[in-house]
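Let me begin by presenting the structure, written as structure tokens, before commenting on it.
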Amino acid sequence: MAKINIEIAYAYPDHFYLKSFKVEEGTMIQHAILQSGILAQFTEIDLRENKVGIFSRPAKLTDLLQEGDRIEIYRPLLADPKEIRRKRALEQQQKQKEQENIKRADKKLEKDLQRKSLKKELNND
């Protein structure tokens, strides 16, 4: 059988691992991962838990590889993206309320100063 060129990728937030190598044509993703040696380098990878994909598309460990495929091993999400967006929206709302309160307080202070200034002028006359 002919050999095909593939890559395997595993990423962290601040760096990534990428390895190019050859496998037999018709090799399954799982066998290529085992052949790559990545499981020995990154012991936290558990193929029962970590999802895999080919060029950002979900794949199964039993899918067959083609020339030029890049196997991607995905880390589990640390937080729910919906929950993060919800928290971010709440924080933005709170910041807006704080800014509005500051503006109101500034306007009130300005009015109070104007009143005091007018009172002084009236008292001096």
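The values are calculated or read from the model by the stated rules, or taken from the named source; none is laboratory data. Here the structure is a predicted model, which is why all the values come from computation and not from measurement. All Cβ positions, even for glycine, are placed from backbone atoms using ideal geometry, and neighbour counts span all protein chains on display.
Any residue that is at pLDDT 95 or above, loosely packed, with under 13 Cβ neighbours inside 10 Å and not aromatic (Phe, Trp, Tyr) - is there at least one of those in the range 75-92? No: zero hits. Of the strands (runs of 3 or more DSSP E) lying entirely inside the range 48-88, those containing at least 1 residues that are without any contact (Cβ under 8 Å) to a residue 12 or more places away in the chain are 57-59. For the range 1-57, filtering for residues that are among the β-branched types (Val, Ile, Thr) and over 22 Å from Pro76 (Cβ atoms) leaves 4. Close Cβ contacts (under 6 Å, 6 or more residues apart or on different chains) running from residues in the range 19-33 that are in the same structural domain as Lys60 (by the TED database) and closer than 14 Å to Ala59 by Cα to residues that are modelled with pLDDT of 95 or more and not aliphatic (A, V, I, L, M) comprise Met28/Thr62; Ile29/Asp63.
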